[in-house]
Amino acid sequence: MSPAHLLLALAVVVVWGTNFVIIKLGLGELPPLLFAALRFFFSCVPWVFLIRRPPVAWKLLAANGVFLGFGLFGLLFIAMRADITPGIASLVVQTQAFFTIGLSMLLLSERLRAFQAAGLALCVAGLGILFAHTDASLTTRGLILTLAGGLSWAIANLVAKRAGKVDMLGFMVWSSLFAVPPLLIASLVFEGPERIAQALVHADWLGWSASIWQGVANTLFGYGAWNWLLARYPAATVSPLSLLVPVFGMLTATVAFAEPLPAWKLQACALLLLGLAVITLWPRLRARLLEGALPSGGSGRD
């Protein structure tokens, strides 16, 4: 990765990591499904009138919008309302790498390799610690909803990868069109017209700023730049940088909300990050070790 592209990836990671604090602030002003609908509204309006639709099948745009919109952020916002803290949410949602392996095995008939099995075992151990320490600030419901959001993110990643090397800013703008209707319908059904009207009338600058930040910085810039990098570099090059997201997430949550970091939480964090690191980094590390072990001018087999 070139230095400029590495800085771009790190900028995305910082935006995504600190965004969990902004989500929590926005949820103090707006109900979760309405907040998510506003997020994707600001991702497509007015941009859809200014940016040409990329040459991508409508079904890919729709799939990305639904899985990223309702699947990831609708469920994540519901969980973060009262069932999971920002720091833990930033960690658990990274299990999208965990689910990507499972989807690849199911849909692409890929074989589970030894290093992947080891990484998955570490992730499961970390999640086990979290499930064993549920309380008022971290409920089983919150963990399940956030894990479901991670699964939806993994599906959206596969959809974006299938879109190929297209204008990813346009891809995010146009796919956001398909995120708004299901979120708005769900908000009308579960949150009700009266609550929606009250929230829109009484939300202050913080709620609206959080919504605009979600739509422009986190969605358009974040996912647009990330998918642009994924279309130009191997996933093994780009994906490991996402391991920094929960680091920024937990640090900013500790600073902003004094979110405690007891030993069990640090242990779960270490196991999950180690498991994800094994899954994403081991192939390249093994290749370098084998390369270094070979004599100059020699050859070898895996």
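The values are calculated or read from the model by the stated rules, or taken from the named source; none is laboratory data. No experiment lies behind these values; they were computed from the predicted model shown. Heads up, the Cβs are rebuilt from the backbone with ideal geometry, glycines too, and the neighbour counts pull from every protein chain shown.
I'm trying to understand the selection: among the residues of the stretch 200-240, which are touching a Ser or Thr at 6+ places or on another chain (Cβ under 6 Å) and hydroxyl-bearing (S, T, Y)? Of everything in the stretch 200-240, those that are touching a Ser or Thr at 6+ places or on another chain (Cβ under 6 Å) and hydroxyl-bearing (S, T, Y) turn out to be T219, S239. Listed by first and then second residue, the pairs with beta-carbon distance under 6 Å, at least 6 apart or on different chains, first residue in the stretch 169-191 and within 15 Å of V56 (Cβ to Cβ) and touching a residue at least 60 places away in the same chain (Cβ under 8 Å), second outside any helix (DSSP H, G or I) and hydrophobic (A, V, I, L, M, F, W, C), are G170/I51; V173/I51. With respect to V45, is the statement that it is surrounded by fewer than 20 Cβ atoms within 10 Å (Cβ to Cβ), under 13 Å from A179 (Cα atoms) and either over 18 Å from the mean Cα position of the chain (by Cα) or β-branched (V, I, T) (or both) true? So V45 fits the description; yes. When the residues of the stretch 11-27 are filtered to those that are β-branched (V, I, T) and over 21 Å from L200 (Cβ atoms), the one that is surrounded by the fewest Cβ atoms within 10 Å (Cβ to Cβ) is V14. Within the stretch 28-40, the residues that satisfy the criterion of being modelled with pLDDT under 95 and surrounded by fewer than 24 Cβ atoms within 10 Å (Cβ to Cβ) are G28, E29. Condition check for G164 on (1) closer than 29 Å to L60 by Cα; (2) surrounded by 18 or more Cβ atoms within 10 Å (Cβ to Cβ); (3) of a type in the set (G, A, S): one failure, at (2). Only residues that are surrounded by 19 or more Cβ atoms within 10 Å (Cβ to Cβ) and in contact with a Ser or Thr (Cβ under 7 Å, 6 or more places away or on another chain) were counted in the stretch 88-114, giving 5.
Does K165 count as basic (K, R) and within 20 Å of the chain's Cα centre (by Cα)? Criteria not met by K165. Here A118 meets the list (1) among the aliphatic types (A, V, I, L, M); (2) surrounded by fewer than 17 Cβ atoms within 10 Å (Cβ to Cβ); (3) touching a Ser or Thr at 6+ places or on another chain (Cβ under 8 Å) almost entirely, failing just condition (3). Residues in the stretch 34-54 that are outside any helix (DSSP H, G or I) and of a type in the set (K, R): R52, R53. Contact map, the stretch 46-61: residues that are within 13 Å of L169 (Cα to Cα) paired with residues that are of a type in the set (V, I, T) and not in a loop (DSSP other than H, G, I, E, B), Cβ distance under 8 Å, separation 6+ or inter-chain. Pairs shown: W47/V173; V48/V173; I51/V173.
Checking every residue in the stretch 62-69 against the condition of being surrounded by fewer than 20 Cβ atoms within 10 Å (Cβ to Cβ) and closer than 23 Å to W226 by Cα gives at least one match.
Residues of the stretch 131-152 that are in contact with a Ser or Thr (Cβ under 9 Å, 6 or more places away or on another chain), free of Cβ contacts under 8 Å to residues at least 24 places away in the same chain and either of a type in the set (A, V, I, L, M, F, W, C) or in a helix (DSSP H, G or I) (or both): F131, T140.
If the condition is being over 24 Å from T252 (Cα atoms) and of a type in the set (S, T, Y), then the stretch 40-89 contributes only S43. Mind telling me which of the residues G71, G87 ends up being closer than 18 Å to V247 by Cβ and of a type in the set (G, A, S)? Matching residue, one of G71, G87: G87. Every test in (1) assigned to a loop (DSSP other than H, G, I, E, B); (2) modelled with pLDDT of 80 or more; (3) over 27 Å from L143 (Cα atoms) is passed by D302 save one, and that test is (2).
Which one of these does S242 not meet: (1) closer than 25 Å to W153 by Cβ; (2) among the small types (G, A, S); (3) at pLDDT 80 or above? Against the list (1) closer than 25 Å to W153 by Cβ; (2) among the small types (G, A, S); (3) at pLDDT 80 or above, S242 comes up short only on (3). Counting the residues of the stretch 43-60 that are in contact with a Ser or Thr (Cβ under 6 Å, 6 or more places away or on another chain) and of a type outside the set (G, A, S) gives 1. Taken together, the residues in the stretch 142-154 that are crowded, with 21+ Cβ neighbours inside 10 Å and of a type in the set (V, I, T) amount to 1.
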